[in-house]
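Okay, structure first, notes after.
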Amino acid sequence: IPYGYSSLSKRALAASCFNAHVCKALTFTNMGECNSMDEVFQGIAKIQYEGADSKNPLAFRYYNPDEIILGRKMRDYLKFAISYWHTLCAKGTDMFGDPTMNKSFGGQTNMQIAYRKVDACFELMDKLAVDYFCFHDRDIAPEGATLAESNANLAEIAEYIAKKQAETGKKCLWGTSNLFNNPRFMHGAGTAPNVDAFVFAAGQIKQNIDLCIKFGAAGIVFWGGREGYETLLNTDMGLELDNMARLLHMVKDYARAQGFKGDFYIEPKPKEPTKHQYDFDAATVISFLRKYDLMDDFKLNVEANHATLAGHTFQHELRVARDNGVFGSIDANQGDALLGWDTDQFPTNVYDATLCMYEVIKAGGFTDGGLNFDAKTRRGSFTEKDIFLAYIAGMDTFAYGLRAAQALIEDGRIDQFVAQRYASWNSELGQNIRAGKVSLEELSQLALAMGDVSTNISGSQEYLETVLNQVVFTL
């Protein structure tokens, strides 16, 4: 049992064994690489598509990877990704309790555990028909006492990941830097009041960019983390935002110089962990990107749980990104409406998934982005089987959402209603206003002659919600 577990937790772990791989016969080289031929997730076969009527918990009901949807294989349209941090690192801790999960995967030292997490990641992707993974730098290798030591650990594990990629064809959707856990970043990284913290962050990001390029990542995400403030009484907001922009420009310039062709993403995130995040929501981030001349290179990675914490719907944030030309990638999860923090639950809300995929289809699908499951099993769902059950639930939910969104568009009633609602803007007057050919004085004269507005039509929200229900329930 890993060091740091309480006596009670140790007894609980020993009693249940978590279907434990800690009992497996493993051998390690001097470098730490695991040479075991054992599967990590023993007793779990590749998950197959069995259709909507299947009662098999370890089967897909709606996700059929190679089925053609909208001219592409479903796996290519959805582009699912495993979150390294939640899936392979999160141990079920919360602010009131010790870990409930063993994520050592049979390793003993920190580096052995890191190797075994790579094995677990690629086995999980294979068995779930997932083609991508996402990572923070500190997920894949233990942090050392110095940046040089941390970089050495990363370089060693990166070689093993690259080897696995070559063997399996699995890809990296995006990578990011963990610039929020270590106390050095207690006041932020790119917005730190301490220049040394800013410098350390730059060094860490540089190494992470090199990793992303090595893994062939399609994107690089900027962390959010602690980039914000608790009180303006001790904050120079202007300097902090200027410095964040300076860092993003440095990162962009370095990555492009190294040949990186993918997208840079900022992930809007309200409230957590600071009271006021500078990347509060999509509109706030877009304003920042425009002010600092970053719109040409940066897009948004929109997370469902962050959208609701900002007081928006998931669809709203996606629509704002799409309408502003910065739709990029998605963190697929959901929050608990009764809680005010980021619970990162696996998505099971079919309505949210349908309206999400409606926006994705309208955006033309993903390019460099995809659907990363930034989600973790609940504290009480502690077995290895629960990991598979959670991913199956999330993947089926979005597969159903894709099918429903396609049906909603093909049905046409919602799009037709919206077109009719705004039809007056296609009149000669409407087109002249849109083209900037009419002055305020001219409109004023028209208004004086108009009398009153008598052409409003009903928004019929209840009818449209009924249409949505009908489509979702009749697939």
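Of R378, R322, all but one fail to be surrounded by fewer than 21 Cβ atoms within 10 Å (Cβ to Cβ) and outside any loop (DSSP other than H, G, I, E, B); the exception is R322.
Taking every residue in segment 272-283 that is assigned to a strand (DSSP E or B) and pairing it with any residue that is open to solvent by 30 Å² or more (accessible area, probe 1.4 Å) and basic (K, R), at least 6 positions away or on another chain, the pairs with Cβ-Cβ distances below 7 Å are Q277/K269; Q277/K271.
Yes/no matrix, rows are residues, columns are (1) closer than 30 Å to L355 by Cα; (2) touching a Leu at 6+ places or on another chain (Cβ under 7 Å); (3) outside any loop (DSSP other than H, G, I, E, B):
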{"site": "I433", "(1), (2), (3)": "no, no, yes"}
{"site": "G436", "(1), (2), (3)": "no, no, no"}
{"site": "Q445", "(1), (2), (3)": "no, no, yes"}
{"site": "D452", "(1), (2), (3)": "no, no, no"}
{"site": "S458", "(1), (2), (3)": "yes, no, no"}
{"site": "E462", "(1), (2), (3)": "yes, no, yes"}
{"site": "V467", "(1), (2), (3)": "yes, no, yes"}
{"site": "V471", "(1), (2), (3)": "yes, yes, yes"}
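Only a single item in (1) among the charged types (D, E, K, R); (2) open to solvent by 20 Å² or more (accessible area, probe 1.4 Å); (3) touching a strand residue (DSSP E or B) at 6+ places or on another chain (Cβ under 8 Å) is not met by K164, and it is number (3).
On the basis of being in a loop (DSSP other than H, G, I, E, B) and open to solvent by less than 60 Å² (accessible area, probe 1.4 Å), does P57 make the cut? Here the answer is no, as P57 does not meet what is asked. Selection of first residues in segment 45-57 that are of a type in the set (S, T, N, Q) and of second residues that are assigned to a loop (DSSP other than H, G, I, E, B) and open to solvent by less than 70 Å² (accessible area, probe 1.4 Å), restricted to Cβ pairs under 6 Å at least 6 apart or on distinct chains, gives the following pairs, ordered by first then second residue: S54/R61.
If you filter segment 401-413 down to residues that are open to solvent by 30 Å² or more (accessible area, probe 1.4 Å) and in contact with a Leu (Cβ under 7 Å, 6 or more places away or on another chain), you find that the one that is farthest from N56 (Cα to Cα) is Q406. I'm checking my understanding of the structure. Among residues of segment 287-310 that are part of a helix (DSSP H, G or I) and under 28 Å from V350 (Cα atoms), which one is most open to solvent (accessible area, probe 1.4 Å)? That would be T308.
I'm trying to understand the selection: among the residues of segment 444-468, which are on the phi > 0 side of the Ramachandran plot and surrounded by 10 or more Cβ atoms within 10 Å (Cβ to Cβ)?
S460 - this is the single residue of segment 444-468 that is on the phi > 0 side of the Ramachandran plot and surrounded by 10 or more Cβ atoms within 10 Å (Cβ to Cβ).
Please specify each residue of segment 61-81 satisfying the condition of being part of a strand (DSSP E or B) and crowded, with 21+ Cβ neighbours inside 10 Å. Matches in segment 61-81: F80, A81.
Only one entry in G328, G340, G335 is open to solvent by 40 Å² or more (accessible area, probe 1.4 Å), in contact with a helix residue (DSSP H, G or I) (Cβ under 9 Å, 6 or more places away or on another chain) and more than 20 Å from D415 (Cα to Cα), namely G340. Within segment 193-207, the set of residues being open to solvent by 10 Å² or more (accessible area, probe 1.4 Å) and either in contact (Cβ under 8 Å) with a residue 40 or more places away in the chain or of a type in the set (S, T, Y) (or both) comprises P193, F198, F200, A202, G203, K206, Q207. Looking across segment 230-270, the residues that are farther than 28 Å from D342 by Cβ, in a loop (DSSP other than H, G, I, E, B) and open to solvent by 60 Å² or more (accessible area, probe 1.4 Å) come down to Q258, K261.
Of K103, K127, K117, which residue is part of a loop (DSSP other than H, G, I, E, B), at pLDDT 95 or above and open to solvent by less than 60 Å² (accessible area, probe 1.4 Å)? Result of the check over K103, K127, K117: K103. G436 passes every criterion in (1) farther than 30 Å from I330 by Cβ; (2) under 38 Å from the mean Cα position of the chain (by Cα) apart from (2).
Determine which member of the set F373, F346, F398, F388 is over 18 Å from the mean Cα position of the chain (by Cα), crowded, with 18+ Cβ neighbours inside 10 Å and hydrophobic (A, V, I, L, M, F, W, C).
F388
Only a single item in (1) modelled with pLDDT of 95 or more; (2) in contact with a Gly (Cβ under 7 Å, 6 or more places away or on another chain); (3) not hydroxyl-bearing (S, T, Y) is not met by V251, and it is number (2). Taking Y391, is it under 30 Å from T100 (Cβ atoms) and either assigned to a helix (DSSP H, G or I) or out of contact with any His (no Cβ under 9 Å at 6 or more places or on another chain) (or both)? When the stated conditions are applied, Y391 passes them. Sub-8 Å Cβ pairs linking a first residue in segment 397-414 that is among the basic types (K, R) to a second residue that is open to solvent by 40 Å² or more (accessible area, probe 1.4 Å), at least 6 apart or interchain, are R403/Y62; R403/L475, ordered by first then second residue.
Given the condition at pLDDT 95 or above and open to solvent by 30 Å² or more (accessible area, probe 1.4 Å), answer yes or no: does some residue in segment 220-227 qualify?
Scanning segment 220-227, I find no residue that is at pLDDT 95 or above and open to solvent by 30 Å² or more (accessible area, probe 1.4 Å), so the answer is no.
The values are calculated or read from the model by the stated rules, or taken from the named source; none is laboratory data. Remember, predicted model here, so these are calculated numbers, not experimental data. Positions of Cβ are generated from backbone atoms using ideal geometry, with glycine treated the same way; all protein chains shown enter the neighbour counts. With ligands, DNA and RNA removed, areas are computed over all heavy atoms of the protein, side chains included. Shrake-Rupley method; radii C 1.70, N 1.55, O 1.52, S 1.80 Å.
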